[in-house]
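The values are calculated or read from the model by the stated rules, or taken from the named source; none is laboratory data. Because the structure is a prediction, the values reported are computed rather than measured. All Cβ positions, glycine included, derive from the backbone under ideal geometry; neighbour counts span all protein chains shown.
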Amino acid sequence: MSVNTSAGNGYIMYGSPVSLFTGKLRSYMRKKGIPYRERLTSHPDFAAKIFPVVGRMVIPVIETPNGDILQDTCEIMDTLELRHEGASIYPTTPRQRLVSHIIELFGTEGLIKPAMHYRWNFDAENDHFISLEFGRFMNPQAEDAEAKDLAKLPKSMMSGLVKVLGVTEETIPTVEAGYEALLAALDAHFLKYPYLFGGRPTVADFSLYAPLYAHLARDPAPAMLMKQKANRVWRWVERMTVADCDMPEFPDMAEELLADDEIPETLIKVLKVIAEDYLPEYEGLVGFMNGYLAENSVEEGASLLPDPSKRSLGFFNCTLRGQEFSLVARNYSLWLAQRIHAAYDNLSGVDKNAANELLAETGLAALCNKRCNQLISRKQFKEVWDTARP
């Protein structure tokens, strides 16, 4: 979604060092070689120009050279891909394209639980750092005492979301087990390859980087965990943070994606972790939303949330690793999953057969086969109901 405000020259990104999705977009802009200036939301232009257009406090937001206001990292990156030359972040071969969108969904939505757990449930290790980061998000020159005081309200608001996202005393062991399984699988992959699909990053890398950088490699407690348990994942985070390819460990690897639509065995193992630790959540969400649609009539173009004071339509249950979770229904996940469905539905013949074999091997077929009965679009910076699924 974009709105024109007739701004001046150059891209301006409004974000924050602590922000998960700002980190994703910053990495993309650097790797793509797109010049930009970054501003905090404490900059007066955010209140004067951005907030009135977007309508809520959300980051990152991009102001383009011609004055367009872009929000949502997926839509921003889609737009910039069309406007700027260079290697596409979207693989063109069928299996790599499909898998890139699967990991896009998982990185964006499936890692929120560990990202929030490791940020907000380790006060002894994290609180000093987090307090200064959040306080200086609002006043960059604040002394320590002032920064900590400023941080109290946003910390309270953000930490209050942890249980809503399914992280409780009962579920923490499962959250940690799933995250450590992911680290182990990724560590084995990045020992062999600098990026997920070979010699350059794709949308999958940027989406996975979002939580693995801003929360899990930057906050003290999870950063130490990553360094101790997944050295090559830490190295990949470093690689994704800089503008060049940064892969001296792979002197003979071209800055290209793996040939012949290859999905290496190490990445297959990552996908199997996704099947175990995210697929049941996705299936539960689809079931919840289809149940809602069966009981409520919706109007095309209407907001998914009829009550603007609420952030969700409700809660649903799912079971991960034998542990029951109560999770808030995140409608954005279903909008994002439509990118997987589009990639899958575009396949035919031998390409679809190859994709089906991969989905069966990894246990992820339900990501393509189970869908919300109503399509979802984004308009005016929010999700709205689209047409009923054919």
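Take the conditions (1) surrounded by fewer than 17 Cβ atoms within 10 Å (Cβ to Cβ); (2) in contact with a Cys (Cβ under 8 Å, 6 or more places away or on another chain); ASP149 misses just one of them, which is (2). Evaluating MET77 against the criteria (1) free of Cβ contacts under 8 Å to residues at least 60 places away in the same chain; (2) of a type outside the set (D, E, K, R); (3) assigned to a helix (DSSP H, G or I) leaves one unmet condition, (1). Just so you know, in region 182-211 the residues that are among the aromatic types (Phe, Trp, Tyr) and over 16 Å from the mean Cα position of the chain (by Cα) include one that is nearest to ALA337 (Cα to Cα), and it is PHE197. Of everything in region 222-249 that is β-branched (Val, Ile, Thr) and crowded, with 21+ Cβ neighbours inside 10 Å, the residue that is farthest from VAL175 (Cα to Cα) is VAL237. Of all residues in region 274-305, which are of a type in the set (D, E, K, R) and either part of a strand (DSSP E or B) or over 21 Å from the mean Cα position of the chain (by Cα) (or both)? Of everything in region 274-305, those that are of a type in the set (D, E, K, R) and either part of a strand (DSSP E or B) or over 21 Å from the mean Cα position of the chain (by Cα) (or both) turn out to be GLU295, GLU299, GLU300. Name the residue, out of GLY33, GLY23, GLY67, GLY15, that is at pLDDT below 95 and either polar (S, T, N, Q) or outside the structural domain of LEU336 (by TED's automatic domain parsing) (or both). Answer to the selection: GLY67. Taking residues in region 163-191 that are within 24 Å of LEU285 (Cα to Cα) and outside the structural domain of CYS318 (by TED's automatic domain parsing), and partners anywhere that are among the acidic types (Asp, Glu) and at pLDDT 95 or above, the pairs with Cβ atoms closer than 6 Å and at least 6 places apart or on different chains are GLY178/ASP277.
Of the strands (runs of 3 or more DSSP E) that lie entirely inside region 318-390, those containing 1 or more residues that are modelled with pLDDT under 95 and under 19 Å from ALA294 (Cα atoms) span 382-388.
Cβ separations smaller than 7 Å between residues 6+ apart or across chains give the following pairs from region 80-108 residues that are free of Cβ contacts under 8 Å to residues at least 24 places away in the same chain to residues that are outside any loop (DSSP other than H, G, I, E, B): SER88/GLU81. Would you confirm, using the coordinates I've provided, whether ASN121 is farther than 28 Å from LEU327 by Cα and surrounded by fewer than 21 Cβ atoms within 10 Å (Cβ to Cβ)? For ASN121, the condition - farther than 28 Å from LEU327 by Cα and surrounded by fewer than 21 Cβ atoms within 10 Å (Cβ to Cβ) - is not met. The combined condition, being within 25 Å of ASP72 (Cβ to Cβ), in a helix (DSSP H, G or I) and among the acidic types (Asp, Glu), is not fulfilled by GLU125. Restricting attention to region 158-181, does a residue exist that is more than 16 Å from VAL328 (Cα to Cα) and part of a loop (DSSP other than H, G, I, E, B)? Yes, the conditions are met somewhere in region 158-181.
If you go through region 195-226 and pick out every residue that is within 18 Å of ILE268 (Cβ to Cβ) and out of contact with any strand residue (DSSP E or B) (no Cβ under 6 Å at 6 or more places or on another chain), you end up with 5. Candidates in region 288-317 are the residues that are of a type in the set (Gly, Ala, Ser) and at pLDDT below 95; of these, the one that is surrounded by the most Cβ atoms within 10 Å (Cβ to Cβ) is SER303. Of the candidates LYS227, LYS148, the single residue that is part of a helix (DSSP H, G or I), outside the structural domain of ASP78 (by TED's automatic domain parsing), closer than 21 Å to ASN121 by Cα and without any contact (Cβ under 8 Å) to a residue 12 or more places away in the chain is LYS227.
When ALA142 is tested against (1) part of a loop (DSSP other than H, G, I, E, B); (2) within 29 Å of ASP277 (Cβ to Cβ); (3) free of Cβ contacts under 8 Å to residues at least 24 places away in the same chain, just one condition goes unmet, and that condition is (2). Between ALA217, ALA204, the distinction of being assigned to a loop (DSSP other than H, G, I, E, B), surrounded by 23 or more Cβ atoms within 10 Å (Cβ to Cβ) and outside the structural domain of GLU361 (by TED's automatic domain parsing) belongs to ALA217 only.
Scanning region 306-317 for residues that are touching a residue at least 12 places away in the same chain (Cβ under 8 Å), among the polar types (S, T, N, Q) and not in a strand (DSSP E or B) turns up just one, SER312. Could you tell me which residue of region 38-52 is surrounded by the most Cβ atoms within 10 Å (Cβ to Cβ), considering only residues that are among the hydrophobic types (A, V, I, L, M, F, W, C) and in a helix (DSSP H, G or I)? Selected residue: ILE50.
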